[in-house]
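The values are calculated or read from the model by the stated rules, or taken from the named source; none is laboratory data. Remember, it's a predicted structure, so these values are computed and weren't measured experimentally. Heads up, the Cβs are rebuilt from the backbone with ideal geometry, glycines too, and the neighbour counts pull from every protein chain shown.
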Ligand SMILES: Cc1cc2nc3c(=O)[nH]c(=O)nc-3n(C[C@H](O)[C@H](O)[C@H](O)COP(=O)(O)OP(=O)(O)OC[C@H]3O[C@@H](n4cnc5c(N)ncnc54)[C@H](O)[C@@H]3O)c2cc1C
């Protein structure tokens, strides 16, 4: 049986990033991808070769925001592997049926000036809304970039400016309670506190819903990040489409010695003595994982479809 230190299920962009870090740390890595190309939701493909030959589409992800909060581009030297980002500015446009429109530039000031054409109070509200959510983003960013080991590790990744941002959103007892109230509310509740006009509320609600829940969903007010991030660190698209990010990651993984096999649909995770020791793909071939199996799939598919119920019970009791 072919053996690697780590076998990764799926070769979407998160799996590729994970593989690159493991390879840099000296592990041998195999990625098994069900589709005929890697990338998952981060591809650029000729979807209509007959109807529109030569035209390439991003079937899923288009706008890149979160990647600029972390060190991945620099640490994996993705520019060296062909990645080039083109900054977007303006960052959002939403015309309203009554002739008003929401036009957001990367600059908050310029955006407020656009809003002020139709509503001075909403322009002021927008400055406050973005200022709050940007402080929130700065305060939580170290969480994104820390291995989820212990609270001490997380605290250790807070520099002085992060601490200032963190304390600024916590502040005194009133501010802390206000933060808790805000975080428990829905995007729409939060938006209604800052704005009166539909032409501002509608696009902000739509962007908040990009975190895959409706704007009315309680405890999801932080969907506001999707607009705040467009101002800072900003929004960009890779030259050549989202798939160019995947291409650069594939180049990186391959140059570090990683193996990516496509058309390999995982059917089972092999468990031995309470440990994931390998995988079986749909053609029956098995691959051994000496150190472990990593899944980039959602928990439902991993635990309910790729594993036997008894193995899940055994694993969870280890
Ligand atoms: C319509 C849409 C628009 C989006 N727009 C944006 C956007 O503009 N900006 C943004 O940042 N994000 C956007 N997203 C979200 C983004 O695409 C995803 O968050 C991201 O692609 C997830 O990456 P991943 O590597 O975690 O998982 P995935 O990309 O889902 O990768 C998982 C991989 O596993 C493979 N796989 C599944 N089952 C098996 C199996 N049994 N065996 C082997 N392989 C398997 C899949 O084929 C896939 O390649 C959008 C998503 C959608 C659906």
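A few comments on the model shown:
- Filtered residues of segment 133-152 (kept if surrounded by 12 or more Cβ atoms within 10 Å (Cβ to Cβ) and either in contact (Cβ under 8 Å) with a residue 60 or more places away in the chain or more than 30 Å from residue 200 (Cβ to Cβ) (or both)): 133, 134, 136, 137, 141, 142, 145, 146
- Yes/no for residue 272 being within 26 Å of the chain's Cα centre (by Cα), assigned by TED's automatic domain parsing to the domain that holds residue 39 and surrounded by fewer than 15 Cβ atoms within 10 Å (Cβ to Cβ): no
- Selection of segment 11-27 for residues being part of a loop (DSSP other than H, G, I, E, B) and within 11 Å of the ligand (Cβ to nearest atom) yields only 11.
- Qualifying residue in segment 51-63 (condition: within 12 Å of the ligand (Cβ to nearest atom), surrounded by fewer than 17 Cβ atoms within 10 Å (Cβ to Cβ) and within 30 Å of residue 280 (Cβ to Cβ)): yes
- Within segment 174-218, the set of residues being in a loop (DSSP other than H, G, I, E, B), in contact (Cβ under 8 Å) with a residue 60 or more places away in the chain and surrounded by fewer than 19 Cβ atoms within 10 Å (Cβ to Cβ) comprises 196, 197.
- Note on segment 273-315: residues that are in a helix (DSSP H, G or I) and more than 13 Å from the ligand (Cβ to nearest atom) amount to 7.
- Segment 244-259, residues that are away from the ligand (no atom under 11 Å from the Cβ) and touching a strand residue (DSSP E or B) at 6+ places or on another chain (Cβ under 9 Å): 244, 247, 248, 250, 253, 254, 256, 257, 258, 259
- Number of positions in segment 157-166 that are free of Cβ contacts under 8 Å to residues at least 12 places away in the same chain and either touching a strand residue (DSSP E or B) at 6+ places or on another chain (Cβ under 9 Å) or surrounded by 12 or more Cβ atoms within 10 Å (Cβ to Cβ) (or both): 2
- Only one entry of 100, 149, 138, 120 meets the criterion of being farther than 21 Å from residue 229 by Cα and modelled with pLDDT under 95, and that entry is 149.
- Some residue of segment 28-40 being within 16 Å of the ligand (Cβ to nearest atom), over 21 Å from residue 285 (Cβ atoms), surrounded by 14 or more Cβ atoms within 10 Å (Cβ to Cβ) and assigned by TED's automatic domain parsing to the domain that holds residue 293: yes
- The residues in segment 64-87 that are under 30 Å from residue 198 (Cα atoms) and away from the ligand (no atom under 11 Å from the Cβ) can be counted, and the count is 1.
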